[in-house]
Each structure stands twice: as structure tokens, then as C-alpha cells.
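The values are calculated or read from the model by the stated rules, or taken from the named source; none is laboratory data. Small disclaimer: the values here were computed from a predicted structure and weren't measured. As a convention, Cβ positions derive from the backbone with ideal geometry for all residues, glycine included, and neighbour counts pool all protein chains shown. The protein model used for the area step is the full one, side chains on, heavy atoms only, and it has no ligands, DNA or RNA in it. Shrake-Rupley method; radii C 1.70, N 1.55, O 1.52, S 1.80 Å.
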Amino acid sequence: LLIFNFRSYKNNVTVNVFVFAVFQEMSWGTLGTIRPYSNFQPDRDVKELQIALEKKDAGTLLRILTNRNNAQRQVLAKTFEELTQKELGAGVKKVLSGDVADLLLEMLMPPMHYEAFRLEDAMAGLGTDEETLLEILCTRTGPQLRQISQVYKQMFKKDLEKELKTETSGDFAKLVIALFNKTDVAGLVHKDVQTLVETLKEKKCDMAPWIYIMTSRDTEHLRNVLDAVEFETGLFLEEAFEKRFSGDLRLGLKVLVQCIQNPDLYLANRINAMKTPQTHRVMVSHCEEDLLCIRAAFLKLTGTSLYTTDADLLFYYKTYFDQHFQNITLKCYIGH
């Protein structure tokens, strides 16, 4: 549960929004923090949304859309379009602006569309956001990435693999493409361990075996392999990578190892390190999947909960939100 407190000077209303964010279809008992709205009535919601858009009632708009899970928001968007012949997102743009509008429009995207959008945004303009590329490529499974690739082509009329090749280079590009095409090939732990340990003994470490093994084995196999490599070499892998690799390849291998060994801790570290509203994108991506685990990892890592953390992010929202939502405070409370 993400709690956003919005103050609208236009309507002189403070709106406490309980934001139910997105990823996969949700069911009770999973490790996500999001639950479907129990009294969901699409026709009633759509009527209220129509009135809210006509009156430019931002409070009602936010209350409804952020208190439904992603699957329910897809139903609302479809029902709204069927009844009005208009897109719900277009209406949202007319009532809201700035980062509030951006957040809500992102929450209206189906899960895989959202990941495709994040990848495109990471490659747009000058420079490339390698950390976001790595986050998605390392935390998503092969089947998920193939689905994201299909959606990406539908959304942007471009081939995702070609775009990734264009945006990266050298050994880092080889790692990125291997991650994009990750497989699950059977292997023997002791043979993989021997192969990787031997590369670390060479004067110039061969990155090819690392890329191949870490993108072609299942997670449990890789955890056993990496633990054994660290035991046999007496080095933490991050320490070994610092000595043997450089640049974006080193960054990529570090992120990949972190995601294999403890993905929840990796994402908690990522949230803790991000000092801009980009933080909400990680949370939106995982709220219906595994954010309870990320919350626990964040608390163990920092000693503070997501509800009270990140003063810099709070300052950003207070300072830069659009004119209708000045004095914004952001509090993230994950779960009940």
C-alpha cells in the first residue's frame, strides 16, 4: 500500500490516497502488498470517473484509480472507453499534470506494458540508464522478457533486442543480450564452479564463461555455484569483479550476482540509493509481486521502514509538483 497525501489548492481539499500499484495478477496470500478492491463495481466507478473528469475533481479521480489493483484498472479503462468512446488516460491528462499525472498514467498501464515503457524510457534521449536496463533484465525471467519484447514491439514499433544492441557496446552489450535471451540449460554445479574458478586464476580473466553460465542456469543452481566459487577463492564475487573487470561490464556482473543471491536485497538497495521520483517505478513494478520481501529487506538494510524514509524524495515532491498539488508529502507504507 502506497499512501500519497495530496493538497489541492484549486479545490482546497486534502486527499489521502491509498495507492494500490501494479504488477502481475494478484491473489490473496502472495508476497505482493496489493489486494483487489473487494467491492469492485466497474459501472459505478466509471460513472463517478465521468463526473470527476467533467468537474475536474482530482480528488475523486485519484481516490478511485489508486484504490484498485492493476487488473481492475484495466477493466475500468475498457469499460470507460466502451461507454464514452474516449480513452481514460486522455481524460486524466486534462485534469492532472506533472508528476502526479505521470504516476497515474503509468499505473494505468498493464504490467508488461509498464516494463516495456521503462525500458524505452531508459534508452530514450542522450545517454542510457544502464541501471534500469539491468534491473529489469536481471529480475525478470526469460518468459517474462519475451513477453515484454512482444509488447515493446507493439507499443514502439521497434525490435527490443536491436535497440539494446544499439544502446550498449563491447562486453557489456554481450552481457545485456545474453540476459535478454536468458535460458535454463541443465548443468553440473561442480563443473560450473571449476570453470569460473579457473577464469579467476588467469592473468586476464575471460568474461565469456561468466556471461554464459550466469544467463543459462536456473537460480538455485547459480546460487550454489556462486557460493562455492566464493568458498574456493576466499573472495566475495564483488571483490573479485573489482579486480578482474571494469566499466559497465563490472557493473552488470555485480547486479546480476546480487539478483541471483538476494533479489529482494538488491531492490531494497536500489530504492535506498535512488534520490529522485524514479523510486516509485521500482515500487509500482513490484507492488503486486514481491514488495513485502523488499520491504523486509529494506528495513533490515537501513533500520527504517519505507513509510518514513528518503527525506530527499519528500523534498522533491514538495518542491516540484505542479501548481494543483503543492505541499505534497509522500509516505510509503508497504502492507497492512
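Could you tally the net charge around THR132, taking each other residue with its Cβ under 11 Å from the Cβ of THR132, Lys/Arg +1 and Asp/Glu -1?
-4
Please give the FRET efficiency for LYS86 paired with ASP159, using the beta carbon to beta carbon distance and R0 = 30 Å, rounded to the nearest 0.05.
In this case the efficiency is close to 0.40.
Quick check: with the 1.4 Å probe, what order do THR183, THR199 take by accessible area, largest first?
Final ranking, largest accessible area leading: THR183, THR199.
Pulled fully out, how much extra length does the chain show between LYS243 and ASP218, if you take 0.36 nm times their separation in residues and subtract their Cα-Cα distance?
This chain segment gains 6.3 nm when fully extended.
Which order do peptides 299-305, 201-207, 235-241 fall in by mean Cβ count within 10 Å, highest first?
Ranking, from highest mean packing down: 235-241, 299-305, 201-207.
Compute the distance from the alpha-carbon center of segment 228-283 to that of segment 93-168, in whole Å.
21 Å
Cross-link partners among lysines for LYS203, C-alpha distance below 23 Å, same-chain residues fewer than 8 apart left out?
LYS174, LYS191, LYS243, LYS254
Return the distance in nm (one decimal) between the two label points of a simple spin-label model at VAL197 and THR183, each offset 7 Å from Cα along Cα→Cβ.
2.7 nm
So with the 1.4 Å probe, I'd like the accessible area per residue for segment 218-278, rounded to whole Å².
48 Å²
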